[in-house]
Amino acid sequence: MKDRYDIIVVGAGPAGSVTAKTVASKGLDVLLIEKRQQIGDPVRCAEGVNKKYIANFLQPDPAWISAEVKGSRIYAPNGKMVEMGEELSGVEVGYVLERKIFDRALAMEAARAGAQVMVKTRATGLLINNGYVTGVKVQYMGKNYDIQCDIVIGADGIESKIGRWAGIDTTIKPGGLCSCMQYLITDIDVDPDFCEFYLGTHIAPSGYLWVFPKGKNKANVGIGISGFLPKNKRVIDLLDDFVKKKYPKGKIIEIIYGGVPACGTIERTVSNGLILVGDAARQSDPLSGGGIFNSIWAGEIAGKVAVKAIKRRDVSAEFLQEYERKWRAEIGKNIDTSLIVKNRFLSLNDDDMNTLADSLENMDLKTTNLLGLVWALFKSNKKLLWDLRSIFKDIKDINDVDFDDINSIN
Amino acid sequence: MVIKVNRYKCGYCGACVSVCPTGAIELIETWIVVDDTCNNCGICSRICPVGALEVST
Ligand SMILES: Cc1cc2nc3c(=O)[nH]c(=O)nc-3n(C[C@H](O)[C@H](O)[C@H](O)COP(=O)(O)OP(=O)(O)OC[C@H]3O[C@@H](n4cnc5c(N)ncnc54)[C@H](O)[C@@H]3O)c2cc1C
């Protein structure tokens, strides 16, 4: 470890590793630190990603692909099933990854591009000078070091402190956090071709339960709940109820805990000498809880802007606005739409959800996208989903959408 | 410190850190620490998926 780098990236999840790789491949001097002793472990993820999205950034490698699915099946509270093709299933369906290997592979790519990686190395604070972040205080093997740099990238995930240390309020309001519990269960009967989602207050009040297959007899079975449960109930209790009924003979070989930022975008993600990416910037999708793809996408944008800033010798918040503008225009826009849909869905009761599922009967859901699905739902349930009308205003590329129709409702 | 953490239940996922309005919680290696800025609001204890945090009364 040197005492100065161009860039220090804190956190070796997907966001941090992709940022570090992007910057290192342009020849800058990068340090990527990770407080855990093993990158990617323990996993905090259901490991679903959209195949096509991921392929835009990475060459798929069988080493980190645990399963490939064709689509998803959503079960309404009354048990009615709606089947959708992969395309329509959004950011979370296509591959089920092996995150322990995936995260490591990404960190290795960063290292190969020239970044120095240090594990068991924790950021304990920021160095701040004249209103600029100028480095990171780190601890390695019980010893403290001050390391200088031009830009710090906070990619420190859900438990991020980097933003707060720089005066950015990243606190998630209780309703904005999705509290999760998951088991990896083996020796069970699962359809290896579909990711399953279960809705309904008796299974997952203010959330959903998922079954993501990892091969023939194995699956990530998990649940995510937004906001508070009654005082005597825990998220783990809900998962146990489901698993006992559905997979009484299954064997649990891993327990996964986690929180997903499902709060929507925060006010700011840059400061003088500082950029936040991934879960640290609260860039997960509020509806699905998917954050892998957004982290990678934002990481690449952050890396490119950081390189430019250092070449121009201007790391001011003003210059770094370019990152802010770019991610908000693409990722942020999707997040805003998802948040509106999520908030509406959270207020539906079981009967409403059953009605929505019924309205999709006889519809071909193989080819349209997620927004197309919401549009289809909206068209036949205008009263129930009236609050969603704003999201269709400036969208022009949904298949099969009659936009005159939209104009007539606005 | 007014919050008690049951280290034997905790899975060090960091969810509690993200909701703490005063920034009193930190995830260090595999354990949660709570500093004296904790105002005993109890939000962390309500969102913990297993109930590993308890507000002392
Ligand atoms: C139960 C669950 C299920 C999920 N399912 C899916 C899914 O199916 N699909 C999907 O796309 N997304 C899913 N997500 C979300 C996804 O896991 C995250 O969005 C993604 O991991 C975010 O990547 P990241 O790099 O921003 O953060 P992380 O992957 O959390 O990485 C942050 C890293 O920073 C390190 N770190 C933190 N603080 C410090 C410090 N002070 N010093 C050094 N290092 C530090 C951490 O140890 C960690 O390794 C799920 C999340 C949960 C909890």
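Among the residues of segment A:133-169, which ones are in contact with a Lys or Arg (Cβ under 6 Å, 6 or more places away or on another chain) and near the ligand (Cβ under 9 Å from one of its atoms)?
Passing the criteria: only A:Q139.
Return a yes/no flag: does segment A:206-229 have any residue that is more than 26 Å from A:L346 (Cβ to Cβ) and of a type in the set (V, I, T). So that I can check it myself, show each step before the final result.
Taking segment A:206-229 as the starting set, the residues that turn out to be more than 26 Å from A:L346 (Cβ to Cβ) are A:213-218.
Then drop every residue that is not of a type in the set (V, I, T), which leaves none.
No, there is no match, as no residue in segment A:206-229 is more than 26 Å from A:L346 (Cβ to Cβ) and of a type in the set (V, I, T).
Can you tell me which residue is farthest from the ligand (Cβ to nearest atom) among those in segment A:117-132 that are away from every other protein chain (no Cβ under 14 Å) and closer than 21 Å to A:S295 by Cβ? So that I can check it myself, show each step before the final result.
Pass one, segment A:117-132, residues away from every other protein chain (no Cβ under 14 Å): A:117-118, A:127-132.
Retained after the next criterion (residues that are closer than 21 Å to A:S295 by Cβ): A:117-118.
Working: A:V117: 11, A:M118: 9 Å.
The selected residue is A:V117.
Kindly list the number of the only condition in (1) assigned to a strand (DSSP E or B); (2) over 17 Å from A:I292 (Cα atoms); (3) more than 14 Å from every other protein chain (Cβ to nearest Cβ) that fails for A:Y95.
(2)
Quick one: how many residues across segment A:1-57 are of a type in the set (K, R) and crowded, with 21+ Cβ neighbours inside 10 Å?
Residues of segment A:1-57 that are of a type in the set (K, R), as a first pass: A:2, A:4, A:21, A:26, A:35-36, A:44, A:51-52.
Restricting the remaining residues to those that are crowded, with 21+ Cβ neighbours inside 10 Å gives A:21, A:35, A:44.
Looking only at that region, the number is 3.
When both residues are 6+ apart or on different chains and their Cβ atoms are under 6 Å apart, which pairs have a first residue that lies in segment A:314-338 and is without any contact (Cβ under 8 Å) to a residue 12 or more places away in the chain and within 18 Å of A:S390 (Cα to Cα), and a second that is part of a helix (DSSP H, G or I) and of a type outside the set (S, T, Y)?
none
For residues that are more than 14 Å from chain B (Cβ to nearest Cβ), within 8 Å of the ligand (Cβ to nearest atom) and open to solvent by 20 Å² or more (accessible area, probe 1.4 Å), tally how many sit in segment A:256-291.
Residues that pass the stated criteria total 1.
How many residues does segment A:24-55 hold that are assigned to a strand (DSSP E or B), more than 14 Å from chain B (Cβ to nearest Cβ) and farther than 22 Å from A:S179 by Cα?
First, the residues of segment A:24-55 that are assigned to a strand (DSSP E or B): A:30-33, A:48-50.
Now restrict to residues that are more than 14 Å from chain B (Cβ to nearest Cβ): A:30-32, A:48-50.
Checking which are farther than 22 Å from A:S179 by Cα leaves us with A:30-32, A:50.
Qualifying residue count for the region: 4.
Does segment A:164-174 hold any residues that are more than 18 Å from the chain's Cα centre (by Cα) and facing chain B (nearest Cβ under 10 Å), and which are they? Can you show your working first?
First, pick out the residues of segment A:164-174 that are more than 18 Å from the chain's Cα centre (by Cα): A:164-169.
Hits for segment A:164-174 are A:R164, A:W165, A:D169.
The values are calculated or read from the model by the stated rules, or taken from the named source; none is laboratory data. Owing to the predicted nature of the structure, the values given are computational and were not obtained by experimental measurement. Note: ideal-geometry Cβ built from the backbone for every residue, glycine included; neighbour counts use all protein chains shown. Calculation scope for accessible area: heavy atoms of the full protein, side chains included, ligands and nucleic acids excluded. Shrake-Rupley method; radii C 1.70, N 1.55, O 1.52, S 1.80 Å.
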